[in-house]
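Notes follow once the structure below has been shown.
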Amino acid sequence: MLRFAVGQGKMTKIKPIAGILHVFVYLGFVLINIEVLEIIIDGIAGTHRIFRPILGNLYDFSIGFFEILGVLVILSCAVFLFRRNLMHIYRFRSPELKGWPFLDANVILIVEIVLMVALLVMNAADQAFQQDTNMPVSSFLAPMFQNMSAATAHIWVQTAWWFHFVGILWFLNYVPYSKHLHIILSFPNTYYTNLEPKAKFKNNELVSNEVKAMLDPSFTPPTVENPRFGVKDVEDLTWKNLLDAYSCTECGRCTSVCPANTTGKLLSPRKVMMDTRDRLEEVGKIKEGILPEPAEPKDLHTYITKEELMACTTCNACVEVCPININPMEIIVNMRQYLVMEESNAPQEWNMMFSNIENNGAPWQFAQSERANWTIELENEDKQSNQNES
């Protein structure tokens, strides 16, 4: 968690420039909130920069550092807006980002710019009005307010103060409805990362019990009501799968490295996570009575098609590249397991392979007694070669 969620370990490794800009925004979001705490206390108590007499010279240094961070946040968000809207980067143009997801990202970036501008304007007007601070960025903006009357400058300070404060409260209420919920959930999501090797598959307990019963007649498998092989709907997913879905920031790095997506297949690991979240929210609204029961039965497979699921090569590239260790492949594999084991809905080539494994102990259509026949020709060639040498 300290490495990936707090330290942004994967961000700078995957895309160094974008990663560094993201670190600026992240640090700005975290550290500038210290100044917001002072803003709240001053608003409630009627004080003015209450931390300054307590911290002394450290206060001026801190405010100056926050202002520099604020400028870096503005520049970073401006670059992100430019890249997302004007540069033809494929992962920002994928079909799953059309509509609300694309708008949501732009809203967040614009709001962050506006909040930082309001903070700098507040400091600049306050510096021109009070003349008791010397802040590096506000010093350049302060001349805009020096020719104003004290009353007008005071209005600018109060307006910027309220704009920044109310904007933060609005932002905090907006976050749970946006992709930026990851700024909260990325910490528990990385903390509960599965530390097993990424290529290790879990044995299905129901299948394992059947095998144990076949090998040991004395073994009695436990009774399971309504057994389910694989994942049909969100109720069959683990809580970690659902946390992954809500933690997804829709950055698309998983889709950009997916070999199936790169070669034109429908599979997009980002879409898998977004569809899982959408289906989970739909199920919740139906249970709460907000939405009516659908006329036709729906499940997670209604959102994620068989063609998408079968395109996955299980290479784990999406898992490896995710900045907060989300695992789309686990959902894909478990949904494929449902198709194969519950609905017998597998490609013909797979069914042939399954039959060969069941009958011959190998994916190939050869009896076990014939599996080593390919070595006979090699042995004959060796004998012939030895005879020639003799």
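Filter the stretch 17-39 down to residues that are at pLDDT 85 or above and either among the hydroxyl-bearing types (Ser, Thr, Tyr) or surrounded by fewer than 13 Cβ atoms within 10 Å (Cβ to Cβ) (or both), then give me how many there are.
So the count comes out to 3.
Glu296 fails exactly one of the following numbered conditions: (1) assigned to a loop (DSSP other than H, G, I, E, B); (2) touching a residue at least 40 places away in the same chain (Cβ under 8 Å); (3) more than 30 Å from Gly7 (Cα to Cα); (4) not hydrophobic (A, V, I, L, M, F, W, C). What is the number of that condition?
All conditions pass for Glu296, except number (2).
Of Ile17, Ile32, which residue is among the hydrophobic types (A, V, I, L, M, F, W, C), assigned by TED's automatic domain parsing to the domain that holds Val71 and closer than 15 Å to Phe165 by Cβ?
Ile32
For the stretch 320-345, name all the residues that are crowded, with 19+ Cβ neighbours inside 10 Å and closer than 25 Å to Met11 by Cβ.
Residues satisfying the conditions are Val321, Cys322, Pro323, Ile324, Asn325, Ile326, Asn327, Pro328, Met329, Glu330, Ile331, Ile332.
Return only the number of the condition from (1) touching a residue at least 12 places away in the same chain (Cβ under 8 Å); (2) of a type in the set (Gly, Ala, Ser); (3) over 30 Å from Thr262 (Cα atoms) that Ala151 does not satisfy.
(1)
Val73 - would you say it is at pLDDT 85 or above and either assigned to a helix (DSSP H, G or I) or surrounded by 17 or more Cβ atoms within 10 Å (Cβ to Cβ) (or both)?
Details: at pLDDT 85 or above: yes; either assigned to a helix (DSSP H, G or I) or surrounded by 17 or more Cβ atoms within 10 Å (Cβ to Cβ) (or both): yes.
It is true that Val73 is at pLDDT 85 or above and either assigned to a helix (DSSP H, G or I) or surrounded by 17 or more Cβ atoms within 10 Å (Cβ to Cβ) (or both).
Of the residues Glu210, Glu250, only one is surrounded by 10 or more Cβ atoms within 10 Å (Cβ to Cβ), modelled with pLDDT under 95 and more than 21 Å from Met341 (Cα to Cα); which?
After ruling out the rest, the residue left standing is Glu250.
Residues to consider are Gln387, Gln365; find the one that is surrounded by 10 or more Cβ atoms within 10 Å (Cβ to Cβ) and outside the structural domain of Lys306 (by TED's automatic domain parsing). Spell out how you get there, then give the answer.
Working: Gln387 fails: surrounded by 10 or more Cβ atoms within 10 Å (Cβ to Cβ).
Within the list Gln387, Gln365, the selection yields Gln365.
Counting residues that are free of Cβ contacts under 8 Å to residues at least 12 places away in the same chain, which helices (runs of 4 or more DSSP H) fully inside the stretch 201-259 reach at least 2?
205-215
When both residues are 6+ apart or on different chains and their Cβ atoms are under 7 Å apart, which pairs have a first residue that lies in the stretch 92-120 and is free of Cβ contacts under 8 Å to residues at least 60 places away in the same chain, and a second that is of a type in the set (Val, Ile, Thr) and part of a helix (DSSP H, G or I)?
Between residues of the stretch 92-120 that are free of Cβ contacts under 8 Å to residues at least 60 places away in the same chain and residues that are of a type in the set (Val, Ile, Thr) and part of a helix (DSSP H, G or I), the close pairs are Ile113/Ile74; Leu115/Ile168; Val117/Ile74.
The values are calculated or read from the model by the stated rules, or taken from the named source; none is laboratory data. Just so you know, these numbers come straight off a predicted model, no measurement behind them. Cβ: placed from backbone, ideal geometry, glycine included. Neighbour counts: every protein chain shown.
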